[in-house]
């Protein structure tokens, strides 16, 4: 996903969002080019709500018709956070795999039905089958 797009599925871009937010006000306010570049370059992990919060903060703190967003408001993703995130996801995936394998073993490889692994795990049969494929679990070797 390009940083200037949001995950809304409708192709909403940062400039579109800013235009809507500014028009909702008196329409006479603007952002500096530097601020727009900051906004476009940020990853927006909180998507549109995080952008809206940054704009609202700029509106409240602005003493002129030109908004400036302080760089400290946009928390950059540190290089340290990315590996930790991957490690956490790997641990989660490993735990998920263990739980599925244990449920399959306990249910003698049966996936569906009231005595199947899906029921034991409390998830739909299709979800369990999808996870088995994604995690490459051999359901017959359990």
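Tabulated values for the structure
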| item | result |
| --- | --- |
| Segment residue 127-residue 102, extension gain: residue separation times 0.36 nm, minus the distance between their alpha carbons | 7.4 nm |
| Residue 49 paired with residue 134, simple spin-label distance in nm, labels 7 Å along Cα-to-beta-carbon | 2.2 nm |
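All of the numbers you see were taken from the coordinates with simple rules; none came from a lab. Everything numeric in this text was worked out from a predicted model, so none of it was measured. We place every Cβ from the backbone using ideal geometry, glycine too, and count neighbours over all the protein chains shown.
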